[in-house]
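First up is the structure itself, then whatever we jot down about it.
No value in this document is a laboratory result; all are computed from the given coordinates. Because the structure is a prediction, the values reported are computed rather than measured. Cβ placement follows ideal geometry from the backbone for every residue including glycine, while neighbour counts extend to all protein chains displayed.
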Amino acid sequence: MSKLGNLGARLYRGEVGYDFVGKRKIWYGISILITITAIVGLAVRGLNMGIEFEGGAVFTTPKTSVSVAQAEKYGEDASGHDAVVQELGSGGLRIQVAGVDTAKSDQIKADLAKNMDLKPESINADLVGPSWGEQISKKAWTGLIIFMVLVVIYLAIAFEWRMAAAALIALIHDLTITVGVYALVGFEVTQGTIIGLLTILGYSLYDTVVVFDSLKEQSKDLTKQTRWTYSEVANRSINSTLVRSINTTVVALLPVAGLLFIGGGFLGAGMLNDISLSLFVGLAAGAYSSIFIATPLVADLKETEPQMKALKKRVLAKRAAAAAKGESVESAGRAEDDDDEPQDDEPAGATPAGVVGPRIQPASRGRGRGRPSGKRR
């Protein structure tokens with residue numbers, strides 16, 4: 001078995017782990033800082049809306065020796081507006097000018113042809129009205145609201161309302177960061193951006209539901225034992241799905257990074273930039289929120305329940321009593337196993353939250369419970 005696969009198996013069995021939930025205040029602080037930065041960037045710089053939303057003209061030239069900087073100057077001189085120029089893979093240029101009408105676009109086209117030493121008929125001119133962008137925006141907002149409502153309803157039914165609330169907060173977190181990065185970087189917001197934003201919602205939700213499903217399974221009949229608190233079980237759920245989350249994220253980010261840095265950066269493909277940046281930032285934010293935000297939020301919300309408060313009190317009291325007797329947590333756990341029947345919701349070999357590194361498995365523990373050592377039921 002590979003090292004990563006072996007680590008994943010040990011994380012799943014609880015032999016090693018990292019206390020994600022216990023350090024949740026750190027993650028909350030990081031997320032708040034990033035979110036505030038994104039909101040400030042959005043408020044100060046605003047979004048660079050493409051002509052699809054503001055209206056204007058797009059001029060596409062054939063292969064030319066004119067540089068991007070020269071074309072920007074020619075476009076601004078001819079139109080009196082800022083021009084956005086992108087180099088195409090064919091060697092031509094795509095010149096976007098916002099806020100021009102049909103009559104003015106013909107004059108701009110003629111001026112560009114003269115300055116760039118091209119024939120006017122070789123330059124393709126397309127006009128875009130702002131009403132198209134408004135319609136797309138309205139439909140995107142409608143789709144986003146419907147998606148959020150359906151997600152909350154589904155998660156509330158399949159899991160519980162606390163998980164639904166945590167997933168919704170994580171989705172808003174991912175969208176805010178992605179939009180904020182767009183404002184800070186200055187990339188144009190086009191229909192490709194909208195597609196990318198709607199795509200990352202499904203990915204972020206998928207990663208979160210994987211952890212929630214593990215948490216739901218491991219927290220069955222949790223109040224019937226006194227070994228683990230809800231936060232510790234939540235942390236164990238994150239660790240048991242950690243390698244899967246990492247693999248899924250890396251596999252998803254690699255092709256998107258190729259689109260962003262190779263397709264958009266070297267080939268100068270504008271649409272690839274629009275889609276790939278939102279996907280890259282959104283996928284990374286979604287993986288982060290699933291591990292560091294959503295599940296810790298569920299633990300915080302769940303431990304406000306009276307029965308979970310009582311469970312935590314019993315667990316801590318038992319550990320304090322064991323410590324006073326000089327016993328370890330494992331010894332206290334084995335004593336409970338001797339007194340009671342094994343519980344199906346307690347995975348064998350589980351480690352208390354916060355323990356990082358291998359633990360020594362007593363030789364007699366697995367066989368004393370009626371199954372081979374080191375194997376799970």
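Starting from the coordinates of the alpha-carbon atoms of segment 20-131, obtain the Kirkwood hydrodynamic radius over all distinct pairs and give the value in Å to one decimal. Can you show the working numbers first?
Details: mean 1/r = 0.0619 Å⁻¹.
The Cα-based Kirkwood calculation yields 16.1 Å.
Compute the Kirkwood hydrodynamic radius of segment 123-193, taking the inverse of the mean of 1/r over all pairs of distinct Cα atoms, and give it in Å to one decimal. Numbers along the way, then the final one.
Numbers: mean 1/r = 0.0682 Å⁻¹.
For segment 123-193, inverting the mean 1/r across all distinct Cα pairs yields 14.7 Å.
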Sorting check: for 138-145, 110-117, which peptide has the highest mean count of neighbouring beta carbons within 10 Å, and how do the rest follow? 110-117, 138-145
Förster radius 35 Å - calculated FRET efficiency between residue 147 and residue 303, Cβ distance, rounded to 0.05: 0.75
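Just subtract the alpha-carbon distance of residue 25 and residue 104 from 0.36 nm times their residue separation and send over the number in nm, one decimal. Mind dumping the intermediate values first?
Details: separation 79, 0.36 × 79 = 28.44 nm, distance 5.67 nm.
Difference between extended and current length: 22.8 nm.
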Zone reached by a paramagnetic label modelled 7 Å from residue 312 Cα along Cα→Cβ, restricted to segment 210-237 with backbone N below 14 Å, covers 228-235
Taking every pair of Cα atoms in segment 138-257, average 1/r, invert it to obtain the Kirkwood radius, and report Rg/Rh to two decimals. 1.04
Packing-based ranking, highest mean first, of 164-176, 243-255, 185-197 given that Cβ atoms within 10 Å are counted: 164-176, 185-197, 243-255
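Compute the length gained on full extension between residue 154 and residue 111: take 0.36 nm times their separation in residues and subtract their Cα-Cα distance, giving the result in nm to one decimal. Walk me through the numbers before you get to the answer.
Values: separation 43, 0.36 × 43 = 15.48 nm, distance 5.72 nm.
In short, 9.8 nm is gained.
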Here the equivalent ellipsoid of segment 189-304, derived from its Cα gyration tensor, has semi-axes (largest first, whole Å) of 36, 13, 9
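With a 10 Å radius around each residue's Cβ, average the other Cβ atoms per peptide and rank 277-284, 314-321, 59-66, highest first.
Descending packing order for the listed peptides: 277-284, 59-66, 314-321.
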